[in-house]
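The values are calculated or read from the model by the stated rules, or taken from the named source; none is laboratory data. Values in this document were obtained by computation on a predicted structure and should not be read as measured data. Please note: Cβ atoms are built from the backbone with ideal geometry, for glycine as well, and neighbour counts cover all protein chains shown. Only protein heavy atoms, including side chains, enter the accessible area calculation; ligands, DNA and RNA are left aside. Shrake-Rupley method; radii C 1.70, N 1.55, O 1.52, S 1.80 Å.
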Amino acid sequence: MKKGTNNIHKPILLIGIVVISSLFIFASKLELPADWITRFNPNYFPAQIDFAGESVPLQIADVQERLDRELLVNKHLNASTLLILKRARRAFAVIEPILKKNGIPDDFKYVAVIESGLLNVVSPAGAKGIWQFMPDTAKEIGLEVNENIDERYHLEKATEAACTYFLKAKGKFGNWTLAAASYNAGGMGIKKQLEIQKVTNYYDLLLNDETSRYVFRILALKQIMQHPEQYGFLITKEEQYKIVKTKKIVIDSSVTDLTNLAIQQGINYKVLKIHNPWLRTTKMVNPTNKKYELEIPLEGY
């Protein structure tokens, strides 16, 4: 080492000490939790995990890798996963009590998460709504689907329909994991593969890529949404989309102009459709005088 080098390094060392000290002082003023460092531990893989109380066999090599893939993918879908976390409070407030009432494990709410991101989306195949029902399936389970009304967009009724499906699938397959997988592949598809491969467990099945990933996507979103900070998502209650207070009005006749109905309720057509997306046109045809409940917001407009 050349003469004078130590003198050059001393100011750099002092600057480093000052910077580090400042960071600790700043952190203490923010009142960060004592475990704030461990929350960002890169060892994010869970020691154990279950779906609907059914343990996931993480000791199986491919099972570990399939879960790892979905955790990594969704951990790095920053904007998409963050938006799901923001929407969850509002959607889960409707979904959770309906699942509980029907005896469906709470974990099935994550099926809705991976199906639609908790939005009323339309798939290329024509599945619609947060639960992504195809039209024929929706009608079979009791949802009204026509050019004026599409209850696949009605979160309460669609969730009830999903519960009907899950209960039937659980009775058919004997466990909730296969019931969830069948929501993607169809009951006949899962049954056929169980028979061909002579196994009884989802985790022992060789399936197409989409269904093979399906339950693991559910597990990954469950893990991330239950432990968001561990995966780098810092979101406060204030940042979550709030539940808007509403009232319900009953309509038992045809409505020729939904814009006029909205104005009568003190809102506009846009707001009416946001809260009642199952109304698909500018009118409501009701020749049988069926009773429909419309949500009218009391705030947020």
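Has segment 82-91 got at least one residue that is modelled with pLDDT of 95 or more, in contact with a Lys or Arg (Cβ under 6 Å, 6 or more places away or on another chain) and in a helix (DSSP H, G or I)? Let's see the steps before the verdict.
Let us first name the residues in segment 82-91 that are modelled with pLDDT of 95 or more, namely 82-91.
Applying the additional criterion that residues be in contact with a Lys or Arg (Cβ under 6 Å, 6 or more places away or on another chain) yields none.
No, that holds for no residue.
For segment 212-237: of the residues being open to solvent by less than 80 Å² (accessible area, probe 1.4 Å) and either assigned to a loop (DSSP other than H, G, I, E, B) or of a type in the set (Asp, Glu) (or both), which is nearest to residue 189 (Cα to Cα)?
227
Please count how many residues of segment 192-211 are out of contact with any helix residue (DSSP H, G or I) (no Cβ under 7 Å at 6 or more places or on another chain) and either of a type in the set (Phe, Trp, Tyr) or assigned to a helix (DSSP H, G or I) (or both).
So in segment 192-211, the residues out of contact with any helix residue (DSSP H, G or I) (no Cβ under 7 Å at 6 or more places or on another chain) come out as 192-199, 201, 204, 208-209.
From what is left, the residues that are either of a type in the set (Phe, Trp, Tyr) or assigned to a helix (DSSP H, G or I) (or both) are 192-197, 204, 209.
The qualifying residues number 8.
I'm checking my understanding of the structure. Among residues of segment 195-205 that are under 15 Å from residue 182 (Cα atoms) and either of a type in the set (S, T, N, Q) or touching a residue at least 12 places away in the same chain (Cβ under 8 Å) (or both), which one is most open to solvent (accessible area, probe 1.4 Å)?
Here the residue is 200.
Can you name every residue in segment 130-152 that is without any contact (Cβ under 8 Å) to a residue 24 or more places away in the chain, buried (at least 17 other Cβ atoms within 10 Å of the Cβ) and under 18 Å from residue 290 (Cβ atoms)?
Within segment 130-152, 138, 143, 145 meet the criteria.
Does segment 238-251 include one or more residues that are open to solvent by less than 20 Å² (accessible area, probe 1.4 Å), among the aromatic types (Phe, Trp, Tyr), at negative phi and out of contact with any Phe, Trp or Tyr (no Cβ under 9 Å at 6 or more places or on another chain)?
no
What helices (runs of 4 or more DSSP H), lying completely within segment 107-174, carry at least 2 residues that are at positive phi? Break it down stepwise before answering.
Details: elements: 109-116, 135-140, 155-173.
Output list is empty.
Exactly one condition in (1) under 24 Å from residue 48 (Cβ atoms); (2) open to solvent by 40 Å² or more (accessible area, probe 1.4 Å) is false for residue 78; which is it?
So the condition that residue 78 fails would be (1).
Taking segment 262-300 only, how many residues are among the hydroxyl-bearing types (Ser, Thr, Tyr) and either part of a loop (DSSP other than H, G, I, E, B) or more than 21 Å from residue 152 (Cα to Cα) (or both)?
Step one: of segment 262-300, the residues among the hydroxyl-bearing types (Ser, Thr, Tyr) are 269, 281-282, 288, 292.
Then keep just the ones that are either part of a loop (DSSP other than H, G, I, E, B) or more than 21 Å from residue 152 (Cα to Cα) (or both); that gives 281-282, 288.
Counting residues in segment 262-300 that are among the hydroxyl-bearing types (Ser, Thr, Tyr) and either part of a loop (DSSP other than H, G, I, E, B) or more than 21 Å from residue 152 (Cα to Cα) (or both) gives 3.
What are the pairs, 6+ residues apart or on separate chains, where a residue within segment 156-169 that is among the hydrophobic types (A, V, I, L, M, F, W, C) has its Cβ under 6 Å from a residue that is surrounded by fewer than 16 Cβ atoms within 10 Å (Cβ to Cβ)?
163/102
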